[in-house]
Every structure is written in structure tokens, then in C-alpha cells.
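J.: Have a look at the structure that comes next, please.
The values are calculated or read from the model by the stated rules, or taken from the named source; none is laboratory data. All of these numbers come straight from a predicted model, not from anything done at the bench. FYI the Cβ positions are ideal-geometry reconstructions off the backbone, even for glycines, and counts take in every protein chain you see.
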Amino acid sequence: MSSGENGQADETGRLLAGRYRVVAQLGRGGMGVVWRALDEVLGREVAVKELRTYSDADGPELADLRLRMQREARAAARVRHPGVVAVHDVTEVDGRPLIVMELVDGPSLEAVLRERGTLDAREAAGIGAKVMDALAAAHRAGVLHRDVKPGNILLETSGRVVLTDFGIATMDDPGDGSATHLTRTGHLVGSLDYLAPSAPRAPNRARPRTSGRSAPRCTRPWRAPPPSVARRPSPPSPRSSPRPCRSPPTRARSAPSCSG
């Protein structure tokens, strides 16, 4: 996880799993919060993702969230590639799972795009190629990421590009005795702006190529067209233009002959 986007350190000093001391908040998502922490056993900084529970969540929902986080750790750990975030440990705090990952020294691609706008073509191609290489390694390991977007791509200061957040990834063999897909039929997962074109039509039948199609979109910010452009009707094509109505030609009638 990235060390370039620090949030509020509202729980600074809290000790997780008797080993990881919270230093600051790095980010927050739908499933949990990510902390910058110090591993007091090994003396190194790490990123710790903690499942956040909600008072209105019922038992089955919490069990589903736990299973998703466990699968996220398994999915990332299954892929051995420098372009995929490394998982160091999986543990629990008060019954909530923790994923301990490497701390990537650099911002997310989303933060870079927000600050600089569209990237230079050469730089964007370089980042995209590294992301595609990481995705190829994941696919060889039987893992589909399903949420490739700028916020999940980290840019280390050394030039390394790291794919992270395997929270909705699918695996050929999850290894937990459950079904391969956790997505309910008819439910769409992922970020709408970066979905592959085929994903809305078949959300539970993701293929490696669908993840690859999302990668090129991640190197440029998405912008909606201005209202003046969005409301402007497109001119009809020549083939669809109605032909003008023409009356059929009339035959000239000969004048009656007058005999007299």
C-alpha cells in the first residue's frame, strides 16, 4: 500500500495483534481501513488493512466480509511478481482479520492524475505495460483482479509499479472450501468508470482479457463531456436521412383533335 497519501492518524499508537503499532491512516475503503504501522518484531514499516465492522451488519454479512479479506490475502500471496503487492502476514484483532502488506514508498496513480492531469504518452505506456505484466502473472496463477483502476496502482519512487487491492479478485481454487465466486448473481462489482465493456453483461464470467482491457483506461482521468456537447444532437447519417418525396411523373395528354 502507498505511503504517499497519509490520512488522519486518529488511532496513532494502537497496537494491532501485539506486534503492529499504528503510525497513521493511509486510506479507507468499503471493506476496511489501511494503516501505516511499525512491525515491532522485525523493526520495519508495513501497511495493515483492518476490516471495519458496522453496528447494523448481521452475522452472514460479517462472515462474507471476513471471507473476502482472507481471499484478498490469498490472491495477492499466490502471485509472485514484483508488480504485485507482497503480503507478509494475516492475523486477527477482536475477531476481525488483518492483512499485513509491504509499504510502497510512493503515491497512487490516482493521486498523480489528480495533481498532474493526463500523463505523457510515453510515461502512460510504460505504466500500462508494467500493469499488464503484473496482470499476466496473476492470470498465470489463476487470479483475476477485477478492479484495476488508478487508485489500486501504486507508483514507487524507484520506478516500480505495484498492483494492489485484490479484495474482489477471483481464484480458480480459493482453498477455503467455498465457491469460486462470492459475487451474487446480477450484482456488478468493480469501479464503473474502469469496467471492461463485457463486464456489465456477464459480471460472474470474468476472463483474463477483461482485466487487461481495464488497464489502458487507468492512465488517464475520466471526464464527462461538457453540457453543451452532451446535449448537442448528432447529425443524421446520409443513409438514415429521409429522401425527399417526389411525385411520379405524369404523362402529357394529347389535345383532342377538332374536326369541323
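J.: Among the residues of region 87-109, are any over 20 Å from L16 (Cβ atoms), modelled with pLDDT under 95 and in a helix (DSSP H, G or I)?
T.: So far as region 87-109 goes, no, none of its residues is over 20 Å from L16 (Cβ atoms), modelled with pLDDT under 95 and in a helix (DSSP H, G or I).
J.: Being crowded, with 19+ Cβ neighbours inside 10 Å and in a loop (DSSP other than H, G, I, E, B) is the filter; apply it to region 1-28 and report the residue that is modelled with the highest pLDDT.
T.: M1
J.: Tally the residues that are part of a loop (DSSP other than H, G, I, E, B) and touching a strand residue (DSSP E or B) at 6+ places or on another chain (Cβ under 7 Å), restricting the search to region 29-46.
T.: 2
J.: Since V79 meets every condition but one in (1) within 22 Å of A138 (Cβ to Cβ); (2) at pLDDT below 90; (3) among the hydrophobic types (A, V, I, L, M, F, W, C); (4) touching a strand residue (DSSP E or B) at 6+ places or on another chain (Cβ under 8 Å), which condition does it not meet?
T.: (2)
J.: For region 149-164, state whether one or more residues are of a type outside the set (G, A, S), under 25 Å from V90 (Cβ atoms), modelled with pLDDT of 90 or more and surrounded by fewer than 19 Cβ atoms within 10 Å (Cβ to Cβ).
T.: yes
J.: Here is a follow-up. Confirm whether R66 is touching a Pro at 6+ places or on another chain (Cβ under 7 Å), free of Cβ contacts under 8 Å to residues at least 40 places away in the same chain, surrounded by fewer than 19 Cβ atoms within 10 Å (Cβ to Cβ) and not hydrophobic (A, V, I, L, M, F, W, C).
T.: Values: touching a Pro at 6+ places or on another chain (Cβ under 7 Å): yes; free of Cβ contacts under 8 Å to residues at least 40 places away in the same chain: yes; surrounded by fewer than 19 Cβ atoms within 10 Å (Cβ to Cβ): yes; not hydrophobic (A, V, I, L, M, F, W, C): yes.
Yes.
J.: Would you check if G128 is buried (at least 18 other Cβ atoms within 10 Å of the Cβ), of a type in the set (G, A, S), within 18 Å of the chain's Cα centre (by Cα) and farther than 27 Å from V33 by Cβ?
T.: Considered against the rule, which asks whether it is buried (at least 18 other Cβ atoms within 10 Å of the Cβ), of a type in the set (G, A, S), within 18 Å of the chain's Cα centre (by Cα) and farther than 27 Å from V33 by Cβ, G128 comes out as yes.
J.: If a residue has to be under 23 Å from the mean Cα position of the chain (by Cα), modelled with pLDDT of 85 or more and either of a type outside the set (D, E, K, R) or over 13 Å from G95 (Cα atoms) (or both) to count, how many in region 37-69 make the cut?
T.: The number of residues fulfilling the criteria is 4.
J.: Answer with yes or no whether R71 is within 29 Å of V41 (Cβ to Cβ) and among the basic types (K, R). Please lay out each step first, then the result.
T.: Numbers: within 29 Å of V41 (Cβ to Cβ): yes; among the basic types (K, R): yes.
Yes.
J.: Further, regarding this structure: State which residue is nearest to M132 (Cα to Cα) when the search covers only region 144-165 and only residues that are part of a loop (DSSP other than H, G, I, E, B) and touching an Asp or Glu at 6+ places or on another chain (Cβ under 6 Å). Write out each step before concluding.
T.: Step one: filter region 144-165 for residues part of a loop (DSSP other than H, G, I, E, B), giving 145-149, 156-160, 164-165.
When the remaining residues are screened for being touching an Asp or Glu at 6+ places or on another chain (Cβ under 6 Å), the result is 156-157.
On the way: E156: 17, T157: 20 Å.
This residue is E156.
J.: Separate question: Does I99 satisfy the condition of being more than 16 Å from the chain's Cα centre (by Cα) and buried (at least 22 other Cβ atoms within 10 Å of the Cβ)? Please lay out each step first, then the result.
T.: On the way: more than 16 Å from the chain's Cα centre (by Cα): yes; buried (at least 22 other Cβ atoms within 10 Å of the Cβ): yes.
Considered against the rule, which asks whether it is more than 16 Å from the chain's Cα centre (by Cα) and buried (at least 22 other Cβ atoms within 10 Å of the Cβ), I99 comes out as yes.
J.: Considering only residues that are surrounded by fewer than 16 Cβ atoms within 10 Å (Cβ to Cβ) and among the acidic types (D, E), which ones fall in region 102-125?
T.: Hits for region 102-125 are D105, E115, D120, E123.
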